[in-house]
Amino acid sequence: MSQLGEFVLNHWDLFLALLIILAMLIGQPLTRRLRGYHDVDPQEAVGLMNRKDAVLVDVREDKEHREGHIAGSVHVPLSGFSRELNRLEAFQRKPVIVGCRSGHRSGKAAGMLRKQGFEEVYNLKGGLLAWENAGLPLSTGKTKKKRKADKK
């Protein structure tokens, strides 16, 4: 045991680095459990939507949403999220994926949903920026007009 003490005294910088690395390794899973939701990347989100009929909630503001959103998503801006939670009650027993531009605002909304009793909540890691970078489509809600050739 005295050799360990001597090692720590002689190499305190290495020992401190070991403690920091251990704290980071243990802290990340513990933090995930405490906040109550999981981060998912865009591919995992698509899998949840396809296999578990997950609902995607877009918490970006109106202007951002109009510029492009994930088709079929439910739009509830974070600025009025606590007032609009009742709109989401129908999805309380379904998996819910929350998304925003980069994943920060959606993390806040995901925490709110967990506190309101939503059972399976996910945060879209990297938000719609990651969604687009993965080559996945966004919808603007505008429909294309049919050409004369399409009408035949």
Report the net charge of residues surrounding PRO95, where surrounding means a beta-carbon distance below 14 angstrom and charges are Lys +1, Arg +1, Asp -1, Glu -1.
0
Expressed as an acute angle from 0 to 90° and rounded to the nearest 10, what is the orientation of the C-alpha long axis of helix 42-51 relative to the principal long axis of the chain?
60
Name the residue farthest towards the positive end of the dipole of the stretch 8-138 from the options LEU22, VAL76, TRP131, assuming +1 on Cβ of Lys and Arg, -1 on Cβ of Asp and Glu, about the Cα centre.
VAL76
At 222 nm, what value in deg cm²/dmol follows for the chain if DSSP H runs of at least 4 each add -39500 (n - 2.57) and the sum is divided by all its residues, to the nearest 500?
-14500 deg cm²/dmol
What does the accessible area per residue of the chain come to in Å², with a 1.4 Å probe and no ligands, DNA or RNA counted?
70
Give me, ordered by chain and number, the residues 5 or more places off ASP39 or on other chains with an amide H under 5 Å from its own placed amide H.
ASN123
Counting only protein heavy atoms, what percent of the accessible surface of the stretch 45-103 is carbon or sulfur at a 1.4 Å probe?
44
Peptides 7-15, 67-75, 82-90, 116-124: what's the order by average Cβ count within 10 Å, highest mean first?
116-124, 67-75, 82-90, 7-15
Expressed as an acute angle from 0 to 90° and rounded to the nearest 10, what is the orientation of the C-alpha long axis of helix 12-35 relative to the principal long axis of the chain?
40
Rounded D (µm²/s) - the chain, Kirkwood Rh over Cα pairs, Stokes-Einstein at 4 °C, 1.567 mPa s
72
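Could you work out the relative contact order of the chain? I mean the mean sequence separation of Cα pairs under 8 Å and 6+ apart, divided by the number of residues, in percent.
25
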Would you mind checking the tilt of helix 104-115 against the longest principal axis of the Cα atoms of the chain, expressed as 0 to 90 degrees and rounded to 10?
90
Taking amide H positions as placed in the peptide plane 1.01 Å from N, state which residues far from GLU120 in sequence (5 or more) or on other chains have amide H under 5 Å from it.
VAL96
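The values are calculated or read from the model by the stated rules, or taken from the named source; none is laboratory data. Predicted model only: the values in this text are computed from it and were never measured. Reconstructed Cβ throughout: ideal geometry from the backbone, glycine too, with neighbour counts over all protein chains shown. Note: accessible area is taken over every heavy atom of the protein model, side chains too, but ligands, DNA and RNA are not part of it. Shrake-Rupley method; radii C 1.70, N 1.55, O 1.52, S 1.80 Å.
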